[in-house]
Amino acid sequence: MSDTGHNINVIFGGQKYLVPLPSCNDATLQDLMKSIEAVIHIPFDKQRIIHKGRSLTDPDALISSFGLISGSRVMVLGSVDKLNPDEAEKLVKAKDVSEAVDLQLNDLSSKLHILSQGDSSCSEVTVHVKSTVDIMERCMRTLELLDSVRLPYNCESERTCRKKLVDTLQEFLVQADKLRAEFLLLARTRN
C-alpha cells in the first residue's frame, strides 16, 4: 500500500476525531493507540478501544485483523490526563464573555434607573428590553460552551473555574430577567 496514510474515525465523549495512521496494512493496534494518544491525549494505558461491539485488546495484532480499514469507526473509552489547549481556550472565552456581560448588566441597570427618573419614550425602553434578551441568549450560549468543556480528572483549578463561571452566568441570567421585567413594566407605564 502507498505511504499516503489513512484515517480512522475515532469517537470519544460524543465527539469525532480523525486519527491518522501511516498504513492500514501493517499498522498494529498499538500504532492506533499511540495515534489516539497524540490526537486526543488519552494515555496509552488508559485506552479501551471498541470496534463493532468488540473490545480490541491485543496491542500487537494488526488492525486489519480486526476489520479496521481507512474510514472505519472505533469508540474509545478512557480518561484524559492532559488539558487540551482547545478546552482551555473555551474557558478563557467564557470568562471574557462573563466579564463583558457583567459590564452590560451594570450599564443597563444604570440606564433603567435614569429612565425611571426622567421622561423617556416607549421605544427607548423597548430597545433596552431587546438588550436584556440578547444578554440572556449570550449567557445561554456561553453556558452551552462551558458544558462542552472536557476536563481531565486532575485539573481541579480548571474545574473550579468552570463551576464559578457557570454560577456567575446563572446569576447574570436572573439579573437580566429581572431587568427585562422592570423595563417591560416601565414601557407599560409610558404608554
Inter-residue pairs, beta-carbon under 9 Å, first under 13 Å from Glu171 (Cβ atoms) and assigned by TED's automatic domain parsing to the domain that holds Leu179 and in the stretch 100-111, second basic (Lys, Arg) and surrounded by 13 or more Cβ atoms within 10 Å (Cβ to Cβ), 6+ apart | Val101/Arg138
Output yes when any residue across the stretch 58-65 is in a strand (DSSP E or B) and hydrophobic (A, V, I, L, M, F, W, C), and no when none is.
-> yes
Within the stretch 136-149, is there a residue that is assigned by TED's automatic domain parsing to the domain that holds Leu184, outside any helix (DSSP H, G or I) and not aliphatic (A, V, I, L, M)?
-> yes
Would you check if there is a residue in the stretch 27-46 being in contact (Cβ under 8 Å) with a residue 24 or more places away in the chain and touching a Ser or Thr at 6+ places or on another chain (Cβ under 6 Å)?
-> yes
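Only one residue in Ser79, Ser55, Ser70, Ser120 is within 19 Å of Gly13 (Cβ to Cβ), of a type in the set (Gly, Ala, Ser), touching a residue at least 12 places away in the same chain (Cβ under 8 Å) and not in a helix (DSSP H, G or I), so which one is that?
Ser79
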Every residue from the stretch 119-164 that is of a type in the set (Gly, Ala, Ser) and over 14 Å from the mean Cα position of the chain (by Cα) = Ser120, Ser121, Ser123, Ser131, Ser157
Does at least one position in the stretch 36-43 carry a residue that is in contact with a helix residue (DSSP H, G or I) (Cβ under 9 Å, 6 or more places away or on another chain), modelled with pLDDT of 85 or more, assigned to a helix (DSSP H, G or I) and not assigned by TED's automatic domain parsing to the domain that holds Leu146?
-> yes
Within the stretch 94-114, can one find any residue that is farther than 30 Å from Arg48 by Cα, surrounded by 18 or more Cβ atoms within 10 Å (Cβ to Cβ) and charged (D, E, K, R)?
-> yes
Do we have Phe183 as surrounded by 12 or more Cβ atoms within 10 Å (Cβ to Cβ), over 23 Å from Asp96 (Cβ atoms) and of a type in the set (Phe, Trp, Tyr) here?
-> yes
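The values are calculated or read from the model by the stated rules, or taken from the named source; none is laboratory data. What you see is a predicted model, and the numbers here were worked out from it, not measured in a lab. A quick note on method: Cβ atoms are made from the backbone with ideal geometry, for glycine too, and the neighbour counts reach across all protein chains shown.
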